[in-house]
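**Student:** Before I ask anything, let me first share the structure, which is written out below as structure tokens.
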Amino acid sequence: MADNAETSAVPDKPIQVKLVLLGEAAVGKSSIVLRFVSNEFQANKEPTIGAAFLTQKCRLEDRVLRYEIWDTAGQERFHSLAPMYYRNAQAAVVVYDVTKATSLEKAKSWVKELQRQANPNIVIALAGNKVDLVTASSAAGASGAAASNGDDDEDEADDATATPGEDAGEAENPEGLRQVPKDEAQAYATEAGLLFFETSAKTGEGIVEIFTEIAKKIPIDHILNGRGGASRSAAAGAAAADAVNLQNNAPKGKSPCSC
Amino acid sequence: MDNPPEHWDIAIFGTGLSESILAAALAKAGKKVLHLDENDYYGGDSASLTLLELITWADERSKPTQQKADQTSSAYLLAQCKSFIDIQYGFPSSSDEATPDPDFMKDSRIYAISLLPCLVPASGPIITSLIASGVSRYGGFCLLNSVAMCTPLDDKRPEDEWELKRVPSSKEDVFKDRSLSLLDKRKLMKFLMFAASDAENPPELEGQEETAFLDFLERKFSLPKSIASAISFATAHCSHIADKAVPALQRLQRYLRANGRYGNSPFLIGHYGGAGEISQGFCRTAAVQGATYILGRKIEAINHVPEVPAATAAKTESGDAPKGPHFSIRLDGFANPVTADVVVSTDSYLGYLNSVENRASLEPNSMTNGAHYLIRGIAVLGSPIKFASAGANTTATQEEAGSSAGSETNPPEEAPGTCLVVFPPVTFEGKAMEPVSALVMGEVSLSCPTGRYVVYLTTLFKGDDSATSPPNPSELLQPYLDRLLRFTSGGADSKPLFVCYYNQRLSSALGPISSTGSGSTILRLNSAPPMDAPLTEAADGATTEAERIFWEIMKFKTDGDQDIPEGFWPQVEQDGDDSTGVDEEW
Ligand SMILES: Cc1cc2nc3c(=O)[nH]c(=O)nc-3n(C[C@H](O)[C@H](O)[C@H](O)COP(=O)(O)OP(=O)(O)OC[C@H]3O[C@@H](n4cnc5c(N)ncnc54)[C@H](O)[C@@H]3O)c2cc1C
Ligand SMILES: Nc1nc2c(ncn2[C@@H]2O[C@H](COP(=O)(O)OP(=O)(O)OP(=O)(O)O)[C@@H](O)[C@H]2O)c(=O)[nH]1
Ligand SMILES: [Mg+2]
């Protein structure tokens, strides 16, 4: 990372944490970040290309974390995520859609991939998103959303064809849309050692919690002693200190990067 | 897979450094890019691999000769088997040399072993591109800590003792170096002043176009052979004993200027294996700009379609379909072919081309060109190289000249985290040997576990004609590795944990790519490292090649209604176009 230098133990400086997002297409990864970073929601969010690198500070009791959030940039479409994506990530949010059973299976395979590829101390949170679609209190909201945006229509149509038996009574009982029971996902998360939340990027439910709980669980001392790479010794910390930041000595006026 | 038909402006085959830079630049320029690689990892011939991946890489490229009939060998692998030959590997320190110690393999993933080891000059095309594209945010670098020369104590007897001596990296170092006589220092400073000057057509260079750099240094600047040799091979990084003065001086000038930009070395080393990691950074940037990535899929064919059949044209009114001549690419497991106007391919994928007119012109012109190779070795050592630290005197040269035993009285030693050891050309058993370089990377490069050192040995073999085959890489390089081991804290008796030797063919000049008509074209991208200074010029060379292809495409693709971009990388908007840096507290 170009900002290794910032990681060194200056107490006032926020602690830099790289967080990666994973999950099937259209489960709401980008929407979760958008809610967290800007407290916004877009009903018709395009599949992600473009914005793929966001930062957000998170204050927690005595310390400030600065999340550097990496979105997949579509490279997962053909399972072509680069090892660089996982490299030195201290946290991951693996997202599935509570109204789509297959998306949990996909999430499980991402967790496996993380456990294989990423640093062994990585904190992984599992997020069951779009819970607004299945909670009674927001049922009206959910149908309102469906009326106001085509995507959700499509979404529901998808699910309807997937599980035709559940069509009946959907309007009165939003739980009918649910394909992933909460306790099933919770059981899996506990077994796999993951943080678990049900979230809605739409209402904001559970979003801030994901990031604060991750912040609590991250082994900060470890980060301060040397960035990421848990399988390396503390000497890797020295390596980080030795690291060259290309932006630092870029000729004045030509430096294009604002960060 | 039931994929919908989809059309791209450009399909790029191979995710090596050059191809990846190109993909990012094209995507940033607004082109719709499809980027493919038959390997399931990024980086192609410049990949950084784990130990296990490297072993698979080696096995795949050495076996197909035995299983020719085997249908599983792809055209890509067959081409790779011609590019990477005589591959052999082993585990010398293991009880059974052919089988690794399981403890050693446990760390496989911590290794990032580079197929394109490089030293990146601190200023030049690749650094400019890393900064201008924003890719520098994704990857880190460290400085090359030291450069040393390893020379025989007696030139006439290279089979005897060799010594390791640090090469000064700055003028101050030259002053401090007590092994240089005052007169030599003066001559050296005079040369360095000359090399660093901007003067156009300096008189010293008049009529020297054909002079070898070594001769030039000895004759024009009266430098003693040892110093001339250090300048040629350890400072200008000449790869050949007869390298010419002019290009060597141009390189040297760039390196002298690069020194100091990021610290006391002209060269940077990329973390996690360098080129492979940088390739991934450019690919990510391309993806962020909308490029599509398909890795690890076998390619079945690349067909040129000179005309769109009327029926298809009518069917695909989506605007996302080819409108004229194009390439149709069949991928294993894809129901529909994908299409692109322009194909950019490295040599390894040219075998998939069907029915392209003038295909012959794409094939290596092996009859007329000599085949050149880089002879490469990779070794993992369990202890660092040690030598006298900066300013300190060298071991054996003065007080105890000739004595090889004394180690107690040695001045302070350093075990640099990264270093380059250069063996100048010698005549060994009547055979003239080219210079050999050994790039040593420790943990600071984040490419190996604590206490391990990855050594990359490289030397050039120039074949007179394509019939000359290169020497056995292990026979040639192992004596150099043994020499190096004497200078590790483990000593001469220590054995490497892993070695791998191979010969990498440098592509010979190919005929120019003929355009396949007005609507579509195929361009051949040369991804091979350069013959001159392969270590220090590979990354910049890859960038220059990407830029060349970029402009070819821009010229070709501009049908009047598009603007040719002003630069290789777009001017940066105030905020950086893909980094929405919302930095609020809550
Ligand atoms: C040429 C091609 C080749 C392919 N090859 C492969 C392959 O090799 N392997 C593979 O696994 N897949 C492959 N695919 C399929 C591809 O991975 C899928 O398109 C991808 O999984 C996205 O699926 P999707 O249609 O659900 O979402 P998208 O097509 O990404 O969704 C489009 C939009 O629809 C909306 N939407 C869709 N579903 C939902 C939902 N459940 N909830 C809310 N909104 C939703 C969202 O707004 C979303 O942004 C290929 C596709 C193409 C076009
Ligand atoms: N009702 C509801 N819709 C949501 C929620 N989160 C996301 N969506 C919608 O789901 C769609 C996909 O959301 P994205 O954030 O683009 O999903 P993504 O996982 O980033 O998708 P890709 O980038 O394509 O992988 C969008 O139309 C969102 O508006 C949610 O919590 N509730
Ligand atoms: Mg997204």
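The values are calculated or read from the model by the stated rules, or taken from the named source; none is laboratory data. Remember, predicted model here, so these are calculated numbers, not experimental data. Positions of Cβ are generated from backbone atoms using ideal geometry, with glycine treated the same way; all protein chains shown enter the neighbour counts. SASA here: full protein model, heavy atoms, side chains in, ligands and nucleic acids out. Shrake-Rupley method; radii C 1.70, N 1.55, O 1.52, S 1.80 Å.
**Student:** Which ³J(HN,Hα) values in Hz, rounded to whole numbers, follow from the phi angles of segment A:89-101 under the Karplus curve 6.51 cos²θ - 1.76 cosθ + 1.60, where θ = phi - 60° and Gly and Pro get x?
**Tutor:** 3J(HN,Hα) across segment A:89-101, in whole Hz: 6, 8, 8, 9, 10, 9, 10, 10, 10, 4, 9, 9, 4.
**Student:** Karplus couplings for segment B:534-542 from phi (6.51 cos²θ - 1.76 cosθ + 1.60, θ = phi - 60°), rounded to Hz, Gly and Pro as x?
**Tutor:** x, 6, 8, 10, 4, 6, 5, x, 4
**Student:** Sort A:25-37, B:36-48, B:256-268 by the packing proxy (mean of other Cβ within 10 Å over each peptide's residues), most packed first.
**Tutor:** Listed from highest to lowest mean packing, they are B:36-48, A:25-37, B:256-268.
**Student:** Let me ask another. In whole Å, largest first, what are the principal axis extents of the Cα atoms in segment B:177-282?
**Tutor:** Over segment B:177-282, Cα extents along the principal axes are 46, 35, 26 Å.
**Student:** Average partner chain C-beta neighbours within 10 Å, per residue of B:289-299? Don't jump to the answer; show the numbers that get you there.
**Tutor:** Working: counts 4, 4, 4, 6, 10, 4, 6, 3, 3, 0, 0.
Mean inter-chain Cβ contacts per residue within 10 Å come to 4.
**Student:** Longer than 30 Å from Cα to Cα, which of A:29/B:28; A:108/B:28; B:431/B:495 are they? Say none if no pair is.
**Tutor:** A:108/B:28
**Student:** Work through the residues other than residue B:185 whose Cβ is under 13 Å from its Cβ and net out their charges, Lys, Arg +1 and Asp, Glu -1.
**Tutor:** Its environment carries a net charge of +2.
**Student:** Please arrange B:564, B:378 by accessible surface area, largest first, computed with a 1.4 Å probe and ligands excluded.
**Tutor:** B:564, B:378
**Student:** Another question, then. Taking each residue of B:33-40 in turn, how many C-beta atoms of other protein chains fall within 10 Å of its C-beta, and what is the average?
**Tutor:** On the way: counts 0, 0, 2, 2, 1, 0, 0, 2.
The per-residue average across the peptide is 1.
**Student:** Do the alpha carbons of any pairs in B:82/B:106; A:182/A:216; A:13/A:130; A:13/B:171; B:32/B:555; A:13/A:106 sit beyond 27 Å of each other, and which pairs?
**Tutor:** Flagged as over cut-off: B:82/B:106; A:13/A:130; A:13/B:171; A:13/A:106.
**Student:** Here is a follow-up. How would B:103, A:71, B:198 line up by accessible area, probe 1.4 Å, largest first?
**Tutor:** Listed by decreasing accessible area, they come as B:198, B:103, A:71.
**Student:** Shielding by partners for B:271-277, please: the mean number of other protein chain Cβ atoms within 10 Å of each residue's Cβ.
**Tutor:** Taking all residues of B:271-277 together, the mean is 3.
**Student:** Per-residue accessible area for residue B:169 at 1.4 Å probe radius, Å² rounded to 10?
**Tutor:** Here the accessible area works out near 40 Å².
**Student:** At 1.4 Å probe size, what's the solvent-accessible area of residue B:105? Round to the nearest 10 Å².
**Tutor:** Rounded to the nearest 10, the figure is 30 Å².
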